[in-house]
Amino acid sequence: MAKKVLMKGNEAIAEAAILAGCRHYFGYPITPQTEIAAYLSKRMPKIGGTFLQAESEIAAINMVYGVAATGKPVMTSSSSPGISLKGEGISYLAGADLPALIVNVQRGGPGLGGIQPSQSDYFQATKGGGHGDYHMIVLAPSSVQEMASLTVKAFELAGKYRMPVMMLADGTLGQMMEPVSLDIKEAEKFDTSWALTGTQMKRKHNIVNSLSLIPEELEQLNFERFKKYEIIKENETMYEEYLTEDAEICIVAFGIAARVAKNAVNSAREKGIKVGMIRPITLWPFPKKPLYDLSDKVHTFISVELSMGQMIEDVELAIRCKKPVMLCNRAGGCIPSPEDVLAAIEKANKNGGAL
Amino acid sequence: MAKVTFDTDLCKGCGLCVTACPKNLIVIVKDKINKKGHSPAEITDESKCIACAFCATMCPDCVITIEK
Amino acid sequence: MIVFEKPKSLVDIPMHYCPGCTHGIIHRLVAEVIDELGIEGKTIGVAPVGCAVMAYNYFACDMIEAAHGRAPAVATGIKRANPENIVFSYQGDGDLASIGMAETVHSAARNENITIIFVNNAIYGMTGGQMAPTSLPGQVTQTSPYGRDVKTAGFPVKVCEMLKELDGPEYLERVAVNNVVNVKKAKKAIKKAFTNQLENKGFSLIEVLSSCPTNWGMTPDDALKWIDTNMIPYYPLGVYKDRSAQNKEKEEL
C-alpha cells in the first residue's frame, strides 16, 4: 500500500498538480484557498516551474489563457468572489477551446460574503458564470484524497476535451487535514498541434481565438462544441452510489455535504430506515440517469446542500419531478450537522413521499 | 529607372501616398473604381520616380511595390 | 532590385481598416521588423479588442486574440510557458490605458520580457468614436459631444510618462506615424523593442501616435496634420526610458 502523508486539502491539490505535470500557476490571494498559492510559491521555483502572483484574479485567468494557448498544463485557484472575476476569462477559455484547471474553494456569499465554507457557487459553476453558451466540467471532491486524485483527472479531462475544468471544493475541504496517498502518475498527454509554439516556418500560423463575426459560423462552432459536451455527458459522468439497492429515500449531496450526509445515512440505517445516497462527483455533467433510475424505487429525495438550494433544481430535473425533493440545507458558511440530515431523513420516512 | 507597381485592388484611395511623393507624381484617379469601390492611386510619370519609397512608407495597405 | 514590398510576415490579404487609418502602417512596421530580425517562426502575437481585433488574420506568425485589455497578461502567460518564443502584444488606447491599465502597469513593473505596441489614436475606433483615456482636453467625440471637459471627464492618461516612474520597464518610447521621417523613427523604435526581448532585457513598450480619420471626422491627410498640431504637443515624442543606456552611462561616469 502506498505511503500516506497528512496534508491539507489545498496542499493536496497543489502537490497533485505538480505530480500531474502542471508547471504553471497564476493566482491572487483570497481566503480560504491561499495555501494552494503558498505551497506552489515554494515548490514551483525548485522544479523550474512558474509561480506568479498576479495583480488581480482577472490578470491571473488571462495568464492562464496565455499558457493554455501554448498547450501546456496550467491552473489557477481562487474562492467565490475571485471566481466571479475570473468569469470573463473562463468564458474566453471555453470560447477558444483551451484546456485549464480552475479551482474554486468556495466561501459563503453573495458579495464579499464570508470566509466560511459554502456550496453556493453551484449555479455559477454548472450553469455558466461567464457569458455565452458553454460548459465546464465541474468536479466535486469530498475528501483530501479526492482533492488530489481529481486534480489529475481534471488535467486529463481538460486536455482530452480542450476545455476549462473546474474543481469545486469548499473551505472545509481546503482547510482540513487527512492522510493522502500521493501515488500519482503524470496526467496523460494529448494532441497539441493547435497550440501556439511559433510556426518555425514549417506550418501555417495557428490562431487561438473566440471571435467569429459571421453568425452562421459562430452557430456552427457552438453546435460542434455542444456535440463534444454530449460525448462528455456520455463518457465522463462520475458519481458514488451508497446503499441505494433497497433505498426508499435517496439523499443527493456532494463535497463536504456528502461526508455529513453519509454519517446520517448510517445512523438512519441503524434505526431501520431504508435510505441511500447518490454523491455526484461530476456536477457537470450531472448524474441524471442514476437519479432517474432510482425515481421509481424511492419515495423521497433529499438534497443536502451548503446553499439556499441550488443543486436541488438539477435533482428535480433529473427525476422529472416524479417524486418530492426535500431540501436540507445551511447557508452563509454554516454546515448542516448529521443530526440535521437525520431529522430530514426521519421526516421523509414519516411522510412516506407526501411532502 | 524605377518601376512602381500599384496593387490597385488593395488601394482604398486615402491619398497619403499623394501627399508623401516629393515629385508630385501620384494622383487619385477619380473616374476609376476598384474592386473595393474606391478610386485608386496611380503614378502619372514613372520615368520621373526617384524610388525614394516615401509613398510606400505612408501607404497603410501595402499597395505599392518599388523596384529599381 | 526591390526597394519596397509588402513584408513576408504579413499575410497576403487585404486589411479591414478604414481608408487612411495608420494601423496598416504600424502593422507593416512590426512585420518589417519581424522579417529583418528573422523571427517570424518563433514569434507569437497577441491581438487586442478594438480596431486591431483581427490582427490575428494579418500577421503570419502564431496569433492569439485576448480579452479586452488583457493582452499583457496573456503575453505574460505565453512568455512564461515558452521563453524561447518572441511575444508581442498590439493594443489600442482603450484596451491598454483604460480597461487594461492594471495589466499594463503590472507587466511593466515585473519587467516582463515582452514587447508591447501601443497604438494611441485618442479615440475608441471600433465602437464608433467614443472618448478614450487618451482623448485630448476639449476633443469632441461621440461621448464627449461638447469636447472633453476635464472637470467631469478627467485628464488624458500619459502612458509613457506614467510608466517611466516604475523601476520595472526596460524601454519606453513614444513615436508617431504622421510623416515619412516619423514612420522611419517608429520602425527603429519597434526594432529596438523586439531586439530588447531577444536580448532578454525585458519589458519594452512603444507608444505610436496614430490617426483615426473616420472617427475624427477628417481626411486622412488632415488627420496626420492633427497628430502634429494637437497630439504631439500634448504627447511629446521621444525615449522615456532606456535602462540599458542609462546603466551604461552610469558605468562610464
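The values are calculated or read from the model by the stated rules, or taken from the named source; none is laboratory data. Values in this document were obtained by computation on a predicted structure and should not be read as measured data. Every residue, glycine as well, gets a Cβ built from its backbone with ideal geometry; the counts of neighbours run over all protein chains shown. Heavy atoms of the whole protein, side chains included, go into the accessibility calculation; ligands, DNA and RNA do not. Shrake-Rupley method; radii C 1.70, N 1.55, O 1.52, S 1.80 Å.
With the highest mean first, a sort of the peptides C:172-178, A:329-335, A:68-74 on other beta-carbon atoms found within 10 angstrom per residue produces A:68-74, C:172-178, A:329-335. Interface area, chains B and C: about 2000 Å² of buried accessible surface, summed, with a 1.4 Å probe and ligands, DNA and RNA left out. You can think of it this way: the chain between A:Arg320 and A:Phe123 has 69.0 nm of extra reach, that is 0.36 nm per residue less the Cα-Cα gap. Annotation: amide H-H contacts under 5 Å for A:Met7 (H modelled 1.01 Å from N, sequence separation of 5 or more, or interchain): A:Glu178, A:Val180. Working note: Karplus 6.51/-1.76/1.60 with θ = phi - 60° gives segment A:194-208 the couplings 7, 7, 8, 9, x, 6, 6, 6, 10, 8, 5, 5, 8, 10, 9 Hz, where Gly and Pro are set to x.
If we sort A:220-233, C:209-222, C:126-139 on the protection proxy, mean other Cβ atoms within 10 Å, highest first, what's the order? Before the final figure, lay out each step's value.
Numbers: A:220-233: 13.8, C:209-222: 21.1, C:126-139: 19.4.
Top to bottom by mean Cβ count within 10 Å: C:209-222, C:126-139, A:220-233.
Cross-link list A:Lys46/A:Lys86; C:Lys192/C:Lys248; B:Lys30/C:Lys185: which exceed 22 angstrom alpha carbon to alpha carbon? Each step should come with its number before you reach the end.
On the way: A:Lys46/A:Lys86 28 Å; C:Lys192/C:Lys248 16 Å; B:Lys30/C:Lys185 33 Å.
Checking Cα-Cα distances, A:Lys46/A:Lys86; B:Lys30/C:Lys185 exceed 22 Å.
When you restrict to C-alpha pairs under 8 Å that are six or more residues apart and normalise by the size of segment C:23-252, the relative contact order lands at 18 percent.
Kindly state, to the nearest 0.05, the FRET efficiency for A:Cys334 paired with A:Ser181, given R0 = 51 Å and r defined as their beta-carbon distance. Mind showing how you got there, number by number?
On the way: r = 31 Å, r/R0 = 0.62.
With a Förster radius of 51 Å, E is 0.95.
With K and R counted +1 and D and E -1, the other residues having a Cβ less than 9 Å from that of A:Phe301 yield a net charge of 0. Taking a straight Cα-Cα cut-off under 17 Å and skipping sequence neighbours fewer than 8 places away in the same chain, the lysines within cross-link reach of A:Lys289 are A:Lys233, A:Lys297, A:Lys322, A:Lys323. For the pair C and A, the buried accessible area comes to roughly 2600 Å² in total, with a 1.4 Å probe and the value rounded to the nearest 100.
What separates the Cα centres of segment C:1-61 and segment A:1-42 is a distance of 42 Å.
Is segment C:47-135 best put as rounded, prolate or oblate by its Cα gyration tensor, with a ≥ b ≥ c the root eigenvalues, rounded for a/c under 1.5, and otherwise prolate when a/b is larger than b/c, oblate when not? Write down the numbers at each step before the final one.
Values: a/c = 2.52, a/b = 1.42, b/c = 1.78.
It is oblate, given that a/c is not under 1.5 and a/b is not larger than b/c.
Among the residues of C:176-186, the average count of other protein chain beta-carbon atoms within 10 Å of the residue beta-carbon is 3.
The phi-based Karplus calculation (6.51 cos²θ - 1.76 cosθ + 1.60; θ = phi - 60°) puts the 3J(HN,Hα) values of segment A:179-192 at x, 9, 8, 9, 6, 10, 8, 4, 4, 4, 9, 10, 4, 10 Hz, whole numbers, x for Gly and Pro.
Figure the gain on full extension for A:Asp133 and A:Lys350 (residue separation times 0.36 nm, minus the Cα-Cα span) and round it to one decimal in nm. Could you put the intermediate results ahead of the total?
Numbers: separation 217, 0.36 × 217 = 78.12 nm, distance 4.27 nm.
Difference between extended and current length: 73.8 nm.
Within segment A:38-57, the residues that become at least 40 Å² less accessible when every protein chain is included than when their own chain is isolated (1.4 Å probe; DNA, RNA and ligands ignored) are A:Leu52, A:Glu55.
What percentage of all Cα-Cα pairs in segment A:221-290 are separated by more than 14 Å?
61
Note on the protein assembly as shown: with neighbouring protein chains present and a 1.4 Å probe, carbon and sulfur make up 54 percent of its accessible heavy-atom surface.
Couplings for segment B:49-60, taken from phi via the Karplus curve 6.51 cos²θ - 1.76 cosθ + 1.60 with θ = phi - 60°, read 5, 9, 6, 6, 6, 4, 4, 5, 4, 8, 6, x Hz in order; Gly and Pro are left as x. Using only the Cα atoms of the protein assembly as shown, build the gyration tensor, take square roots of its eigenvalues as a ≥ b ≥ c, and label the shape rounded, prolate or oblate: rounded if a/c is under 1.5, else prolate if a/b is larger than b/c, else oblate. Prolate, since a/c reaches 1.5 and a/b exceeds b/c. Run the simple label-point estimate for C:Glu165 and A:Lys189 please: 7 Å along Cα→C-beta, distance reported in nm. Output for this residue pair reads 4.8 nm.
Contact order, relative form, for chain A: 18 percent (alpha carbon pairs under 8 Å, 6 or more residues apart, mean separation divided by residue count).
Amide H contacts of C:Gly92: C:Val119, each under 5 Å away and 5 or more positions distant or on a separate chain (H built 1.01 Å from N in the peptide plane; Pro and chain starts excluded). Positive contributions from Lys and Arg (+1) and negative ones from Asp and Glu (-1), summed over other residues with Cβ under 13 Å from the Cβ of A:Ser181, come out at -1. If each of A:Leu6 and C:Val150 carries a label point 7 Å out from its Cα toward its Cβ, how far apart are those two points in nm? Between A:Leu6 and C:Val150, the label points sit 6.4 nm apart.
With respect to the cross-link table entries A:Lys202/C:Lys8; A:Lys202/C:Lys201; B:Lys3/B:Lys36, which display a Cα-Cα separation exceeding 23 Å? Provide the component values of the computation, followed by the final result.
Details: A:Lys202/C:Lys8 14 Å; A:Lys202/C:Lys201 28 Å; B:Lys3/B:Lys36 25 Å.
In this structure, A:Lys202/C:Lys201; B:Lys3/B:Lys36 lie more than 23 Å apart at Cα.
If you take the square roots of the eigenvalues of the alpha-carbon gyration tensor of segment A:211-337 and sort them as a ≥ b ≥ c, do you get rounded (a/c under 1.5), prolate (a/b over b/c) or oblate?
Verdict is prolate for segment A:211-337.
Our helix-only sum for chain A, with -39,500 (n - 2.57) per DSSP H run of n ≥ 4 divided by its residues, gives a mean residue ellipticity at 222 nm of -13000 deg cm²/dmol.
Please work out how much length the chain gains when fully extended from C:Leu253 to C:Asp228, using 0.36 nm per residue of separation minus the C-alpha to C-alpha distance, in nm with one decimal.
Stretched out fully, the C:Leu253 to C:Asp228 stretch lengthens by 5.3 nm.
Inter-chain neighbour count for A:82-90: the average number of beta-carbon atoms from partner chains within 10 Å of each residue's beta-carbon is 1.
If you count the DSSP beta bridges with both ends in chain C, what percent of them are antiparallel, to the nearest 5? Walk me through the numbers before you get to the answer.
Values: 7 of 32 bridges.
Percent antiparallel among DSSP bridges in chain C is about 20.
Computed from the C-beta positions of B:Ile33 and C:Lys8, the FRET efficiency with R₀ = 25 Å rounds to 0.25.
The relative contact order of chain B, computed from alpha carbon pairs under 8 Å that lie at least 6 residues apart in sequence, is 45 percent. So with the 1.4 Å probe, I'd like the accessible area per residue for segment A:13-71, rounded to whole Å². Accessible area per residue, segment A:13-71: 28 Å².
In Å², what does the accessible area per residue of segment A:240-351 work out to with a 1.4 Å probe?
Details: 4480 Å² over 112 residues.
Accessible area per residue, segment A:240-351: 40 Å².
Amide H to amide H distances under 5 Å link C:Gly69 with C:Val49, where only residues 5 or more positions off or on other chains count and H is placed in the peptide plane. Inter-label distance, A:Lys271 to A:Lys204: 6.7 nm, where each label sits 7 Å from its Cα along the C-beta direction.
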